[in-house]
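This report refers to the structure that appears directly beneath it.
The values are calculated or read from the model by the stated rules, or taken from the named source; none is laboratory data. Given the structure is predicted, the values throughout are model-derived calculations rather than measurements. All Cβ positions, even for glycine, are placed from backbone atoms using ideal geometry, and neighbour counts span all protein chains on display. When the accessible area is computed, the model is the full protein with side chains, heavy atoms only, and any ligands, DNA or RNA have been set aside. Shrake-Rupley method; radii C 1.70, N 1.55, O 1.52, S 1.80 Å.
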Amino acid sequence: MDIQDKICVITGAAGGIGRALCVAMKDAGAAEVVCVDRNGDGAAETAEMVGGAAFTVDVADEKQITDMIDSVERDIGPIDLFWSNAGIAIGGGLDTPTDEWQRAWDVNLMSHVWAARHLVPLMKKRGGGYLLNTASAAGLLNQVGSASYGVTKHAAVGLAEWIAMTHGDDGIKVSVLCPQAVRTEMTRGHEDHVAAIDGMMEPGPVADICLEAIKEETFLILPHASVRDYMKNKVENYDRWIGGMRKLNRKFGALD
């Protein structure tokens, strides 16, 4: 897809990858960049940077997502590209409280479901559109120290796969972003944790890689090239891979 003259919506736009994506979309010639975040002031700040619109939305609430989509479609124009980028990380294992598990499910997975449920029929009628979901390398490899993050990000990858294989013939393009550590508020204080073992990227270069992937309509976006090798190791010998992850778990422990 060529971003030129397209209407693009990005959640989690108040900072980090989301803000960098908004700037990259505008620089690529988007007609409108809609900046969405639970942090309304941050979304407005990003919108001012790119000359776009801002919406205060908690993506854990389906109605807030659908109301925002309806407002954009009515007042700005048909959405060409929707990026479900917002996410949260909660440390803990099996003892993670149920309400925290639910919050992780709603933000890291169901927000993608709700956006797609509302947008796919609209995009089909128009002959196509683009859905992008931010997951994580944890969605391919799992996450030391956070059961809810690893599990919900796996689910986000599975959802993106399902949409791509089910609605590709309807003209719906899908990409899923699976980085390791990127310097954002989520990773603040975890610069030495396992996700940064191959280095911590800045949001700007990640956004540039994403723009190239959109141009090529690439499904799996891997800013950290080493993730592809880890995936190969995983499928070639699952038991050996589990053993290696146990070593990492012993070394890095909990994700606080």
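Return the sequence-ordered ³J(HN,Hα) values of region 228-245 in whole Hz as given by the Karplus equation 6.51 cos²θ - 1.76 cosθ + 1.60 applied to θ = phi - 60°, using x for Gly and Pro. Values per residue, Gly and Pro as x: 4, 5, 4, 4, 4, 4, 5, 6, 6, 8, 4, 5, 5, 5, 4, x, x, 5 Hz.
Amide H contacts for GLY129 (H built 1.01 Å from N in the peptide plane; partners 5 or more residues away or on another chain; cut-off under 5 Å): ILE172, LYS173.
Taking the three principal axes of the alpha carbon atoms in region 33-165, the coordinate ranges are 45, 37, 24 Å, sorted in descending order.
Cross-link pairs exceeding 27 Å in C-alpha to C-alpha distance, out of LYS153/LYS215; LYS125/LYS232; LYS153/LYS234; LYS215/LYS247; LYS124/LYS232; LYS124/LYS215, comprise LYS125/LYS232; LYS215/LYS247; LYS124/LYS232.
Ignoring aspartates and glutamates fewer than eight residues from LYS173 along the same chain, the ones with Cα atoms less than 15 angstrom from its Cα are ASP2, ASP80, GLU161, GLU212, GLU216, GLU217.
Over the chain, what is the relative contact order in whole percent, taking alpha-carbon pairs under 8 Å and six or more residues apart? Spell out each step's value before the answer.
Details: 486 pairs, mean separation 47.6, N = 256.
Worked out over the chain, it gives 19 percent.
Using the Stokes-Einstein relation with a Kirkwood hydrodynamic radius computed over Cα pairs, the translational diffusion coefficient of the chain at 25 °C and a viscosity of 0.890 mPa s comes to 134 µm²/s.
Rounded to the nearest 500, what is the chain's calculated 222 nm mean residue ellipticity when only DSSP H runs of at least 4 contribute -39500 (n - 2.57) each, over all residues?
Values: 10 runs with 126 residues, N = 256.
Here the helix-only value at 222 nm equals -15500 deg cm²/dmol.
Eigen-decomposition of the gyration tensor built on the alpha-carbon atoms of region 22-66 gives equivalent ellipsoid semi-axes of 20, 11, 7 angstrom, largest listed first. How far, in degrees from 0 to 90, does helix 40-50 lean away from the longest principal axis of the Cα atoms of the chain, to the nearest 10? With both axes taken from Cα atoms, the answer is about 70 degrees.
Could you pull out the trypsin sites (Lys or Arg not before Pro) across region 1-66 that fall in loop regions by DSSP (anything but H, G, I, E, B) with no more than 13 other Cβ atoms inside 10 Å? Intermediate results must be reported in sequence, preceding the final value.
On the way: sites: LYS6, ARG19, LYS26, ARG38, LYS63; in loops: LYS6, ARG38.
Qualifying residues, ordered by number: none.
Within the accessible area of region 58-125, the carbon and sulfur atoms contribute 53%, probe 1.4 Å, all protein chains present.
What does the charge add up to near GLY168, with Lys and Arg as +1, Asp and Glu as -1, over the other residues with Cβ less than 13 Å from its Cβ?
-2
Region 23-87 and region 90-136 have Cα centres separated by 16 Å.
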